[in-house]
1. Run the simple label-point estimate for GLN50 and GLU64 please: 7 Å along Cα→C-beta, distance reported in nm.
2. Tell me, what is the 1.4 Å probe accessible area of LEU28, in Å² to the nearest 10?
3. Can you list the residues, at least 5 places off or on another chain, whose amide H is less than 5 Å from the amide H of TRP109, using H built in the peptide plane?
4. Roughly how many whole Å is it from the C-alpha centroid of the stretch 94-121 to that of the stretch 47-81?
5. Once label points are set 7 Å from the Cα along Cα→Cβ at both ALA75 and ARG36, what is their separation, rounded to one decimal in nm?
6. With a point put 7 Å past each Cα toward its Cβ, work out how far VAL25 is from GLU119 in nm, to one decimal.
Amino acid sequence: AFQWAQSEGALHLSVKFSSRIDGPVTVLNVDNEKVRLSERRLDFSATGRQKPKQFTLQLDLHGEIVPESSSWSFASVGRMTFTIAKAVNETWPRLLKDQPARPTNMHHWVERQASLDAEAKKSPPAPKPAAEGKADAKSAGDAKPADGEAPAADEKAAASVKPATGSGDKQEL
C-alpha cells in the first residue's frame, strides 16, 4: 500500500510493505529491490526478507518526471519513501495517468500534504524551466539513486540486484 502527496516540484510517496495502509506490515525488510524511473513511470519490486513474498509497485504517472533528480530511501521498519522530481513545476490534478486505473491501496498522504502546503505558503518556489535547475532531491542517510537498478537496501552488506526467484507469493503495494 502507499500514500502520496505533492509540491509543485516533486511527488512524495510513502510505501508500506503491506496490502493495506492501515494494516500491519507484511515484512520488516526487503532484499533484491529494483527501482526504475522513466519519464512517466515508476517501477519497484523487492522480495520480503522474512517471508518469500514479492512486492511490486507499478505506476504510470500523470506527468513527466526527472529520474536523475529523484531519490528513494528506506524509512521506518517496513516502509520506504520516494521523492520524485517533476519535469515541470506544477500541481498535478492526480497522481496517475488514467484516473479509472486508481489502485484500491493508493491513499492521499494527508499529513505530508499539509506540511508541503505550509512550506509553500512560507516561501513560494521561484519558477524553473522544465528539466533544468532541479533541486537535488536526495536526502541524507541511506538515500539511493532511483534510476536504473538500485543497490541493496542493507547498508552493512551490498547484495547484487537480480530478479527474485522461488515460489513466494506476489503482493502489489
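The values are calculated or read from the model by the stated rules, or taken from the named source; none is laboratory data. Everything quoted here is computed from the prediction, not taken from an experiment. We place every Cβ from the backbone using ideal geometry, glycine too, and count neighbours over all the protein chains shown. Accessible surface areas use protein heavy atoms only, side chains included; no ligands, DNA or RNA. Shrake-Rupley method; radii C 1.70, N 1.55, O 1.52, S 1.80 Å.
1. 4.3 nm
2. 80 Å²
3. Answer set, sorted by chain and number: TRP4, ALA5.
4. Centre-to-centre (Cα) distance: 16 Å.
5. Placing both labels 7 Å beyond Cα along the Cβ direction yields 2.6 nm.
6. Modelled inter-label distance: 2.3 nm.
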